[in-house]
Amino acid sequence: MKVDAIDRVIKDAIHVMESSKYKIYEISESARNELDALNRELQQVIEETTLTIQQVDKLELDYRRSRIRLTEVSRDFHRFTEEDIRIAYEAATQLQLQLTIYREKEHHLKMRRDDLQKRIRSVERQVERAETLVSQMNVVLEYLSGDLNQVTRMLESAKNRQMLGLKIIMAQEEERKRIAREIHDGLAQTMAHVVLRTEIAERMLSQENLDSVKEELSDLKGQVRDGLEEVRKMIFNLRPMALDDLGLIPTLHKFVQDFEEKSKIRTRFELAGREKRLPSEMEVAVYRLIQEAFSNVLKHAKATYISLTITFQK
């Protein structure tokens, strides 16, 4: 009876948490959509601000010239008539009015840009909190959804075995979360920017502004290359193909070299004993262990030197 009662409690808890998880997921998706819309609007505001600043600079130059012209006309009564003075005065006044309007527009656009950037940071924090909640609930759900007899046996086993299983699940969830964030912040943002720049190129093409279109296409090509490089890095982080093709040691040589170039931390890699291929799962485990150790050094140790030694024994 106790087992049946525990089973009902667990099932009820799973039902409530599943329902709550999807609600949080909907909130997260809504926040993501809002974040994408805000990023698009920010990009438009930045472009409009740039054009407005250019227009203000041009109007300031034209206004200074018109003031100089007005001064010249007003001083030389022999060469210029009252009509010339009136025309110069009206031109200067009109430019001053346009300059005031565009300065006000620039001010409002900058305020709008700053407000959008604050909102984007706020929504990003909301998305991150929602993802963290979903990740934590997934951990608990996966833990609770196992066979009840297995749960009972785990309760009867040592606490370190329980914690080990939980940590494995948490590590899996954290890795999924990291990959999702990496795709969203990297590749997805790059693709969204490529779409936006393509639309700009289309508008320029319709205006037959071929030189600007060429510049846009050149920038687009660079962004696509950057996106491809991000994809390759993500694939390598998920499963380095060199590990299967070349083995553990060559892959670690490449990892250490890349780490040193990226982190500017001096590293040394030494091999002792006779190198040989290990079972695939063991090579992956060793590689991940070293990868995590280097990551922890970079984040926490404030080190200036890392030494890695791999020793093969019988």
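The values are calculated or read from the model by the stated rules, or taken from the named source; none is laboratory data. Nothing here was measured: the structure is a model prediction, and the numbers come from that model. Counting neighbours? That spans all protein chains shown, and the Cβs are built from the backbone with ideal geometry, glycine included. Keep in mind that these areas ignore ligands, DNA and RNA; they rest on the heavy atoms of the full protein, side chains included. Shrake-Rupley method; radii C 1.70, N 1.55, O 1.52, S 1.80 Å.
Applying the Kirkwood pairwise sum to the alpha-carbon positions of segment 33-146 produces a hydrodynamic radius of 18.5 angstrom.
Dividing the C-alpha radius of gyration of segment 215-314 by 2.2 N^0.38 Å, with N its residue count, gives 1.30. Multiplying the residue separation of Arg79 and Glu202 by 0.36 nm and removing their Cα-Cα distance gives an extension gain of 39.1 nm. Among the listed pairs Lys276/Lys314; Lys23/Lys118; Lys21/Lys299; Lys177/Lys302; Lys177/Lys299, a Cα-Cα separation exceeding 21 Å is found for Lys23/Lys118; Lys21/Lys299; Lys177/Lys302. With every protein chain in place and a 1.4 angstrom probe, the accessible-area ranking of Leu95, Leu51, Leu298, largest first, reads Leu51, Leu298, Leu95.
For segment 65-106, take the convex hull of the Cα atoms, compute a quarter of its surface area, and give me that in nm², please.
Values: hull surface 10.9 nm².
Averaged projected area of segment 65-106's Cα convex hull equals 2.7 nm².
For the residues Val297, Val195, a 1.4 Å probe over the protein chains yields an accessible-area ranking, largest first, of Val195, Val297. When the pairs Lys58/Lys110; Lys214/Lys262; Lys110/Lys221 are compared against a 21 Å limit on Cα-Cα distance, Lys214/Lys262; Lys110/Lys221 fall above it. Placing Tyr89, Tyr287 in order of accessible area, with the largest value first and a 1.4 Å probe, yields Tyr89, Tyr287. Per the Debye formula on identical point scatterers at the alpha carbon atoms of segment 93-138, with no solvent, log10 I(q)/I(0) at q = 0.27, 0.32 Å⁻¹ is -0.87, -0.98. The stretch between Arg86 and Tyr22, if pulled fully straight at 0.36 nm per residue, gains 15.9 nm over its current Cα-Cα span.
Simple spin-label estimate for Leu133 and Gln189 gives 2.4 nm between the two label positions (7 Å along the Cα-to-Cβ direction from each Cα). What the Cβ-Cβ distance of Glu281 and Thr311 gives, at R0 = 22 Å and to the nearest 0.05, is a FRET efficiency of 0.65. As a calculated quantity, the FRET efficiency between Arg232 and Asn209 at R0 = 25 Å, using C-beta atoms, amounts to about 0.15.
For the pair Ala293 and Glu104, label points projected 7 Å from Cα toward Cβ lie 6.7 nm apart.
Between Lys58 and Gln257, the simple spin-label model (points 7 angstrom out along Cα→Cβ) gives 5.1 nm.
Taking amide H as placed 1.01 Å from N in the peptide plane, Thr267 has its amide H under 5 Å from the amide H of Ile306, each at least 5 places away in sequence or on another chain.
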